[in-house]
1. Can you give me the accessible area per residue for the chain, using a 1.4 Å probe, in Å²?
2. Roughly what would the spin-label model give for GLN13 and LEU104, points 7 Å off Cα along C-beta, in nm?
3. For the chain, which whole percent of the accessible surface, found with a 1.4 angstrom probe, sits on carbon and sulfur atoms?
Amino acid sequence: QVQLVESGGGSVQSGGSLRLSCQMSGNIDRDHCLGWFRQRPGAEREAVAAFDSRGTRYADSVRGRSDIAKDIRNNILSLRMIVKPEDTGMYYCAAASSPCTNPLFPPPARFFNHWGQGTQVTVSS
């Protein structure tokens with residue numbers, strides 16, 4: 001019953017702010033891991049950030065310029081990031097059936113059970 005729907009993708013100029021939203025529905029435990037992933041051209045899907053009740057986690061490539069947050073009232077997982085050209089790719093939100101596996105980095109994609117359809121982000125130079 002879990003459904004995840006991303007929105008907010010599009011064209012963003014390098015140095016600008018990207019703001020993505022993931023509308024969540026269904027029974028998602030508040031202690032379970034939520035994440036943002038991306039797949040850049042020619043690359044495998046990679047973690048961007050993750051969130052659970054114990055805190056936030058960021059990939060090294062975005063740490064310091066990215067923020068993941070959960071709007072509890074509206075069941076929305078958001079990602080805000082100051083983008084670079086290399087951030088271009090398809091972005092996905094995901095939900096797991098367990099808490100995040102470690103306190104510092106997001107779990108790998110295989111850890112997550114539910115996925116959104118993705119939203120394209122293109123960063124112009």
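1. Numbers: 6580 Å² over 125 residues.
Heavy-atom accessible area per residue stands at 53 Å².
2. Here the modelled spin labels are 3.8 nm apart.
3. Working: 3020 of 6580 Å².
Roughly 46 percent of what the probe reaches on the chain is carbon or sulfur.
The values are calculated or read from the model by the stated rules, or taken from the named source; none is laboratory data. What you see is a predicted model; the values in this text were computed from it and never measured. FYI the Cβ positions are ideal-geometry reconstructions off the backbone, even for glycines, and counts take in every protein chain you see. Surface areas here come from the heavy atoms of the whole protein model, side chains and all, with no ligands, DNA or RNA. Shrake-Rupley method; radii C 1.70, N 1.55, O 1.52, S 1.80 Å.
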